[in-house]
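The values are calculated or read from the model by the stated rules, or taken from the named source; none is laboratory data. Quick caveat, the model's predicted, so the values are computed rather than measured. Heads up, the Cβs are rebuilt from the backbone with ideal geometry, glycines too, and the neighbour counts pull from every protein chain shown. What goes into the accessible areas is simple: the full protein's heavy atoms, side chains included, and nothing from ligands, DNA or RNA. Shrake-Rupley method; radii C 1.70, N 1.55, O 1.52, S 1.80 Å.
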Amino acid sequence: MRHLTGVQMTKEQVWDRVTELRRRDKQELLSWMKADGRAMSQLERVWAMYRQLPAVMREELQSDLDRLLGS
């Protein structure tokens, strides 16, 4: 899903998606709800920064990482 915000979802629509989660994911979601937040991993933070770059720079970074990994 590219955009997570923008269209207002109903409680029922969100609940339907909650019930589709695995039990472990439901437990983790509940802990985030109780804490009113969650910590992002280092990988998620880098991904968010990457997504904010212009497409040309994202392509360059992808090529750089591909080269770094020897792919």
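What the table shows:
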read-out	value
Test set (1) more than 19 Å from the chain's Cα centre (by Cα); (2) part of a helix (DSSP H, G or I) - residue 70 fails condition number	(2)
Filter result for residue 31 (outside any helix (DSSP H, G or I), on the phi < 0 side of the Ramachandran plot and of a type in the set (S, T, N, Q))	no
Any hit, segment 43-62, residues being in a loop (DSSP other than H, G, I, E, B), open to solvent by 80 Å² or more (accessible area, probe 1.4 Å) and either in contact with a strand residue (DSSP E or B) (Cβ under 9 Å, 6 or more places away or on another chain) or free of Cβ contacts under 8 Å to residues at least 60 places away in the same chain (or both)	no
